[in-house]
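The values are calculated or read from the model by the stated rules, or taken from the named source; none is laboratory data. These numbers come from a predicted model, not from an experiment. Note that each Cβ is placed from the backbone with ideal geometry, even for glycine, and that neighbours are counted across all protein chains shown. The area values use the complete protein model at the heavy-atom level, side chains included, leaving out ligands, DNA and RNA. Shrake-Rupley method; radii C 1.70, N 1.55, O 1.52, S 1.80 Å.
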Amino acid sequence: MSDTKIKNVIIAGGGTAGWMCAAALSKLLGKNLNITLIESDDIPTVGVGEATIPTLLVLHKLLGIDEAEFMAATNATFKLGIAFDNWRDVGKDYIHSFGFIGQDCWAAGFQHFWLKGLKQNLVTEIGDYIPEHLACREERFAILANQDKNYAYHLDAGLYAKFLRNLAEKHGCQRLEGKIQQVNLREDNGYIQSLTLASGQQVEGDLFIDCTGFRGLLIEQALHTGYEDWNHWLPCDSAIAVQTQTVGKPVPYVRSIAHDSGWQWRIPLQNRTGNGLVFCSKYLSDEDAKQLLLNNIEGELLNEPRVIKYRTGTRRKLWNKNCVAIGLSSGFIEPLESTSIHLFQQSIVRLMLMFPSNGINQAAVDEYNRQCRSEIDNIKDFIILHYHLTDRTDSPFWRYCKNMPIPDTLKHRMDLFKQNGKAVKLADELFGEASWVQVMIGQGLMPEQYHPIVDLMSDSELKDFLDTIKAGVKRKVNNWPNHLDFIKHYCQAK
Ligand code: FAD
């Protein structure tokens, strides 16, 4: 495709995506590259994106980020899961936590044992068999030497971008302030040759990373890559975000509260709470959405509510010619399971693994696009599950979600679970069996049978097995300190 050696990398845009990309490339590949990031002080970042998932810890390790320092700098708290209120039905709540459930055996996941226990009245809710789940409810947290890393963070998106910017600049990334006015293409192959800034300056590059947010200045406006719209599966297309003073102690989980035409998030930081309402404009106006959000928040407002419009979907190719779209320019599923930062982190790692130092070739581009697409499709199915698998019929929005056609791949997973109690984690899949099980059961899908291997245990053995796991979870979590006390000791913001 192009034999041009890749030496000059231009990152367009300086939100979380741009600075994360700059930090990773400059720290890990920077010695061989000239990396420049262009951002405009006149074009604000989207400014939300405050809940993360455990994979972020892996990237931070690669970047050599000190956890306590990063948390203090971004007012971060710990996240162990998401509490879903009113999603299954009004008044019915559950938690999707990051942990593993109970103890699997070679043939069957723990849910099979729990299901038989349920039939015999031997069990309590499935979360009692997951330490992270119980810790959410008891607001406890600890980091232990031999503990798996089943936690993530709530963070201030603006401060996080600043933190990453420091790291990127320390490793040699050059920052250029200026508005990109024009994207100039080469006549022979349509590759991007340079960007023209409002000042008239031309910035040439070999590889361009589009982190310009929803506008997709390079990948879409210049290269016309195309967008696959998922509005029919994920109909929410608007959000209102506002920050408030925290009331009470910050909890170690996000609260996701379903309303008539969408849902509300509550994300606790050390110094404030991030709030927002995600909604479908077909059923709720911006003004009514704003009022609904304001009626349902706690604490004094710290800023004016801000409306954000978006289209759920994905760019048809995330890598097109010599342009890679990372961040919101590549598409947006929706914030329900906090997957955006994870997705662009994955894109960055993939790009580094397939970095086209000696020129861009089609096989690498195709493989990159295949891997990204496969991961996005699996996440998309998981998010649709939350909306579709509901007993709610109390508003036109929920009736639409309950009755809408869903992807065959999701239907298969729901049938598999319903008929066999089996959940699977596919290749290139982010969410594991424990996540699918928690959400499917939480949303009310109960399997019709459990695996026959469970019957190899006598009733008293099954009771012992279930009781021992539950008691172990309780013992473990009871030893953890209160979440806020742990933060004060470990990473208190200045
Ligand atoms: P932006 O933040 O929009 O940054 C774009 C950058 O491009 C800016 O620096 C801007 O100055 C620059 N730019 C644009 N045009 C030009 C130009 N012409 N010239 C120069 N510079 C330009 N993700 C999560 O992981 N967890 C969450 O909980 C979460 N919640 C979300 C809630 C909502 C309602 C939304 C909409 C998103 C949420 N996300 C979440 C996604 C998250 O906000 C984004 O992934 C993240 O902020 C990255 O955005 P970005 O860097 O791609 O774009």
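The calculated P(r) of segment 412-464, using every Cα pair and 5 Å bins from 0, goes 4, 19, 22, 20, 18, 12, 4, 1 in percent. Checking every one of the GluC sites (Glu not before Pro) in segment 265-366 against DSSP loop status and a limit of 14 other Cβ atoms within 10 Å picks out GLU298, GLU300. For segment 237-307, the relative contact order is 44 percent, taking Cα pairs closer than 8 Å that sit 6 or more residues apart in sequence and dividing their mean separation by the residue count. Take the Cβ atoms of GLU169 and ASP391, set R0 to 45 Å, and the FRET efficiency comes out at 0.30. Label-to-label distance for ASN403 and LYS418 is 1.7 nm, based on points extended 7 Å past Cα in the beta-carbon direction. Taking packing as the residue-averaged number of other Cβ atoms within 10 angstrom, the listed peptides 429-438, 104-113 run from highest to lowest as 429-438, 104-113. Taking the C-alpha atoms only, the angle from helix 340-353 to the longest principal axis of the chain is near 60 degrees.
For segment 217-244 versus segment 424-468, the inter-centroid distance based on Cα atoms is 36 Å.
Beta bridges per DSSP, both residues in segment 1-143: antiparallel share near 55 percent. Bridge orientation summary for the chain: considering DSSP beta bridges with both residues in this region, about 70 percent are antiparallel.
Per residue, segment 155-298 exposes an accessible area of 42 Å² to a 1.4 Å probe, with every protein chain left in place. A 1.4 Å probe, protein heavy atoms only, puts the accessible area of ASP381 near 10 Å². Accessible surface ranking for TYR191, TYR253, 1.4 angstrom probe, highest first: TYR253, TYR191. In a fully extended conformation the segment linking ARG306 and ASP66 would gain 83.1 nm over its present Cα-Cα distance, using 0.36 nm per residue. Listed values for segment 114-125 are Karplus-derived 3J(HN,Hα) couplings in whole Hz (6.51 cos²θ - 1.76 cosθ + 1.60, θ = phi - 60°), namely 5, 5, 5, x, 5, 4, 9, 6, 9, 10, 10, 4, and x replaces Gly and Pro. When nucleic acids and ligands are ignored and a 1.4 Å probe is applied, ARG165 ends up with an accessible area of around 80 Å². Annotation: LYS411 carries an accessible surface of approximately 100 Å², with a 1.4 Å probe and no ligand, DNA or RNA atoms counted.
Can you send over the carbon and sulfur percentage of the accessible area for the chain, probe radius 1.4 Å, protein chains only? Roughly 49 percent, rounded to a whole number. The calculated 222 nm mean residue ellipticity attributable to helices in the chain amounts to -10500 deg cm²/dmol, summing -39500 (n - 2.57) over DSSP H runs of n ≥ 4 and dividing by all residues. The residues neighbouring ASN482, those whose beta-carbon lies less than 14 Å from its own, together hold a net charge of +1 under the Lys/Arg +1, Asp/Glu -1 convention.
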